[in-house]
Amino acid sequence: MNILKLKKIRKHFNGVLALDNLSLDIKAEGITGIVGPNGSGKTTLINILSGCESLDGGTIIIDDSLRSKKMRAYENSIFGITRTFQEIRLFEQMTVLDNVLVVLTEKNVLGAIFEKHGEYHLMKAEELLKVVNLWEKRNELAINLSYGQRKLLEITRALSTDAKIYLFDEPFAGLFPEMIKTVMKIIKKLKEEGKTVILVEHNMLLMRELCDEIVVMDNGKLLSKGKPEEVLNKKKVLDVYLGK
C-alpha cells in the first residue's frame, strides 16, 4: 500500500527546476531512502512534503488525501507528518525537557513554559529522552549541548509528535558512531511500529542496511527506484555518483 503519491510535481527557483515533473510512490510502513548527488532535489523534495516550500505544479496525495499546493508546515499534523532539518532547529534558550514538552503538549513556547505539566507528559518526555541518552541533560539549555546532542534532541522532538510519516534530512551527519547506532535503532523501531520513514542520507552503507527501497534522484528527476542492492549497483546510478 502506498501512503504517498507524487504526480508530476514541479518546483523552480529563479527559473531553475529543482523538481522536474517528478512522479513517485512511497510505500507505507517502511523505510525509503532518497539519494543523489548535491543539487539533485532531495532536500527540496523534503521541503515540499513538509510544507516548507509550495508546489509550482503537480499533485501530492497523502494517505488518499490531496495536499494543497499552498499547504503550510504548521498544518503537518493534519496529515501526520513530521521532519528534521539539516540545520538543527531548537528553542535554544529553553531546557532540553521543555523543548520536548512544547511538542508533547502542542502548546506555544510561552504556554509550555508556564503550564504545570501533567504526569503523563513528564513520563513521556522522560521515556523519549532516555532513548537518546539525554535525560541527564534535561535541565540544560539546548544551546549548551554538543552538536550531536542537539541533533538527537531534534530527533526526539520529531518522535514526540507520534506522526505517521517521518522525514529525516541527513540525520547521521556529524554524529559519532555511538550516536549513529542510537539513531539507527530509532528508525528501525519506527518501522516496527508501522510508521513510514523517508530518509535523505549520503552514507550508502547506512542506506543499504536501513532502507527497504531506495529512490535515486538526479537534476530533479527520478533516476531509479527499487531495493538497495539492485538500485545502488546499476550502471546509470554509479555513473551519476562517479561523474561518468
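Couple of notes before you dig in:
- Residue check for G51: of a type in the set (G, A, S), buried (at least 18 other Cβ atoms within 10 Å of the Cβ) and touching a strand residue (DSSP E or B) at 6+ places or on another chain (Cβ under 7 Å): no
- Unmet criterion (only one of (1) closer than 26 Å to G194 by Cα; (2) modelled with pLDDT under 95; (3) of a type outside the set (S, T, N, Q)) for G58: (1)
- Residues of the range 12-30 satisfying the condition of being closer than 21 Å to S65 by Cα, in contact with a Leu (Cβ under 9 Å, 6 or more places away or on another chain) and in contact (Cβ under 8 Å) with a residue 60 or more places away in the chain: L22, S23, L24, I26, K27, A28
- Out of L190, L167, one residue alone is assigned to a strand (DSSP E or B), under 17 Å from the mean Cα position of the chain (by Cα) and modelled with pLDDT of 95 or more. It is L167.
- Odd one out for K7, checked against (1) surrounded by 15 or more Cβ atoms within 10 Å (Cβ to Cβ); (2) more than 18 Å from the chain's Cα centre (by Cα); (3) closer than 20 Å to S224 by Cβ: (1)
- The criterion of at least 1 residues that are surrounded by fewer than 17 Cβ atoms within 10 Å (Cβ to Cβ) and at pLDDT below 95 is met by the following helices (runs of 4 or more DSSP H) wholly inside the range 80-145: 109-114, 119-131.
- Counted residues, the range 162-181 - those being farther than 18 Å from G30 by Cα and surrounded by fewer than 19 Cβ atoms within 10 Å (Cβ to Cβ): 8
The values are calculated or read from the model by the stated rules, or taken from the named source; none is laboratory data. Everything numeric here is computed off the predicted structure, so don't read it as measured data. Backbone-built Cβ (ideal geometry, glycine too); neighbour counts: all protein chains shown.
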